[in-house]
Amino acid sequence: MTESLIPVLSPAEVFEISSPGRRAVFLPELDVPKAELPEELLREDLPLPEVSEGDLMRHYVHLSQLNHAVDTGFYPLGSCTMKYNPKVNEEAAKLPGFTRTHPYQDHCTVQGNLKLMYELQEYLKEIGGFAGVSLQPAAGAHGEFTGILMMRAYHEERGDTKRTKVLIPDSAHGTNPASSAMSGYQAVEIKSDERGNVDLEELRAHCDDTVVGLMLTNPNTLGLFEEQVLEVAELVHGCGGLMFGDGANMNSIMGIARPGELGIDVMMFNLHKTFSTPHGGGGPGSGPVGASERLARYLPGPIVVKDEKCDCHKEKTSEVSETSEVYACYHLEMPEASIGRVKAFYGNFGVFIKAYTYVRMLGAEGLKQVSEDAVLAANYLLARLKKVYPLPYDRTCMHEFVLSGPLPQAPDVHTVDIAKRLMDYGFHPPTVYFPLIVPEALMIEPTETESKETLDAFAEAMLKIAEEAQENPDLLHKAPHTTPVTRLDEVRAARHPRLRWKPS
Ligand SMILES: *Cc1c(COP(=O)(O)O)cnc(C)c1O
């Protein structure tokens, strides 16, 4: 077993390092008149820990090491695409030309920012096969909500007001029904068939003139490509509904299949997943929405538009033609029948820079290879693990796959125990108990950025854990053993979280 590199410290050892009189900063003697501060704002005593600069540094660096991170270890959290985030993205996002701009600036003074946004819109149109893209939404779920509002605007503009139902496959992410409900619609569950596809008979039975549309995740959350995606789209369009694409899983089809060509009318991209910008811990994310020809006019705005003639360079006309590429210019515009704004200003601009850098670094061929390598990595792990772990839908997978627990030879060991034990081996657990249609699900997404050695080490750990489950189930029930905190009471942690240090 790999020993954790991090010493296991009690909370007291981590936090109670204060010693009276120690200081991390020493202020010089006052050489200006002392100002009187309002009495009511001053506290007699502020119980802050007293530590030296060195202790302070060690404290925070140590805390940062208590977390598992993409930069410290394998993170196969299914559906979340926890790929390595290239550091060049951060360098680009830090450039002063970007960080020192303000959203209220005149568009002529931020042409570089607008050009970056415009080109990112164009890349996403190309990758997704869409007629238009808006970068506004702040994350995937927000993009879903936006997409449903656009579908509503489409139906309402046609006077088609009977439609109240959004069809959602039973394998979908929980945000899909939530986005439908938040838009005032009823979410209706569609069963999957025995191959893990949308059940066409079920769909036919529900498809009528009350259907707003269907939310399709393709590949779905079982990591399987919808084999009848064209039939599904045809059925839904046939009863007057629209197709929403949950684009969180583009990491397996980018550069290979374009959702817009598979019948998807509107889809969100998760820049913080597929396009390698850091996520977790609450953000920031970015969930741009792409739309087909008939829905593009409802996109939220403003979006960036390229000018034929640029009014920012009037004085330059003698030397350079106004329409030449160098002096092309960009401005912000609301789409024709826009649903409006869904986010303050223009979206999460910092994330755009990172995603843009990622796309430019890889190019079209590189993005395609990302998908191919992600699929290869997942199928390699699948082939190694399915010999031991039950696999309810036994098909070639895309970027991820879903195993099922418990192991036949260890019925008392549950998925949670396997997940916790993986932490002792230095791995972040996979997504567990999702999708809901797989009992005791273990949803594994390795991503393209892992080496064969890492995949092998993970497979070895999983196989070893299967043996342990049979020989010493209690070892798993009590896992993890080597982490800073061991098995938690998760219900209590969620109900009564202790989110900050308080002086004891
Ligand atoms: C991550 C994910 C979402 C939601 O995206 P957020 O950015 O977390 O809001 C929706 N659907 C699927 C399939 C996902 O994996």
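The values are calculated or read from the model by the stated rules, or taken from the named source; none is laboratory data. As the structure is a computational prediction, the values presented were derived from the model and not from experiment. Here the Cβ positions follow ideal geometry from the backbone for every residue, glycine too, while neighbour counts run over all protein chains shown.
Structure values in brief
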read-out	value
Selection count where residues are within 14 Å of the ligand (Cβ to nearest atom) and either without any contact (Cβ under 8 Å) to a residue 40 or more places away in the chain or over 16 Å from Tyr154 (Cβ atoms) (or both), scope the range 246-267	9
Selected residue (only one of Val402, Val413 is at negative phi, touching a residue at least 12 places away in the same chain (Cβ under 8 Å) and in a strand (DSSP E or B))	Val402
Identity of the residue in the range 133-174, among the polar types (S, T, N, Q) and in contact (Cβ under 8 Å) with a residue 40 or more places away in the chain, that ends up surrounded by the fewest Cβ atoms within 10 Å (Cβ to Cβ)	Thr164
Some residue of the range 268-275 being surrounded by fewer than 24 Cβ atoms within 10 Å (Cβ to Cβ) and either away from the ligand (no atom under 12 Å from the Cβ) or under 24 Å from Ile444 (Cβ atoms) (or both)	no
Unique match (being charged (D, E, K, R) and closer than 23 Å to Gly223 by Cα) among Lys94, Lys83, Lys87	Lys83
Tabulated pairs, the range 270-293, first among the hydrophobic types (A, V, I, L, M, F, W, C), second more than 10 Å from the ligand (Cβ to nearest atom) and in a loop (DSSP other than H, G, I, E, B), C-beta under 6 angstrom, 6+ apart or interchain	Leu271/Thr277; Ala291/Phe130; Ala291/Leu299
Condition check for Thr175: more than 16 Å from the ligand (Cβ to nearest atom), of a type in the set (S, T, N, Q) and at pLDDT 95 or above	no
Failed criterion for Leu149 (all others in (1) under 30 Å from Pro439 (Cα atoms); (2) within 16 Å of the ligand (Cβ to nearest atom); (3) at pLDDT 95 or above hold)	(1)
Hey, Phe275 aromatic (Phe, Trp, Tyr), part of a loop (DSSP other than H, G, I, E, B) and more than 15 Å from the chain's Cα centre (by Cα) or not	no
Scope the range 336-380; condition acidic (Asp, Glu) and touching an Asp or Glu at 6+ places or on another chain (Cβ under 7 Å); matching residues	Asp373
Residue in the range 205-212 that is free of Cβ contacts under 8 Å to residues at least 40 places away in the same chain and either away from the ligand (no atom under 16 Å from the Cβ) or assigned by TED's automatic domain parsing to the domain that holds Gly147 (or both) present	yes
Among the residues listed as Ala378, Ala419, the single one being in the same structural domain as Met462 (by TED's automatic domain parsing) and without any contact (Cβ under 8 Å) to a residue 60 or more places away in the chain	Ala419
Answer from Gly340, Gly366 - the residue that is modelled with pLDDT of 95 or more, of a type outside the set (A, V, I, L, M, F, W, C) and not in a loop (DSSP other than H, G, I, E, B)	Gly366
Qualifying residues in the range 48-84 (those that are at pLDDT 95 or above and among the polar types (S, T, N, Q)) - the one surrounded by the most Cβ atoms within 10 Å (Cβ to Cβ)	Thr81
Matching entry among Arg487, Arg498, Arg421 (being in a loop (DSSP other than H, G, I, E, B) and in contact with a helix residue (DSSP H, G or I) (Cβ under 8 Å, 6 or more places away or on another chain))	Arg487
Search result, residues across the range 56-80 that are small (Gly, Ala, Ser), in a loop (DSSP other than H, G, I, E, B) and either in the same structural domain as Phe458 (by TED's automatic domain parsing) or without any contact (Cβ under 8 Å) to a residue 24 or more places away in the chain (or both)	Ala69
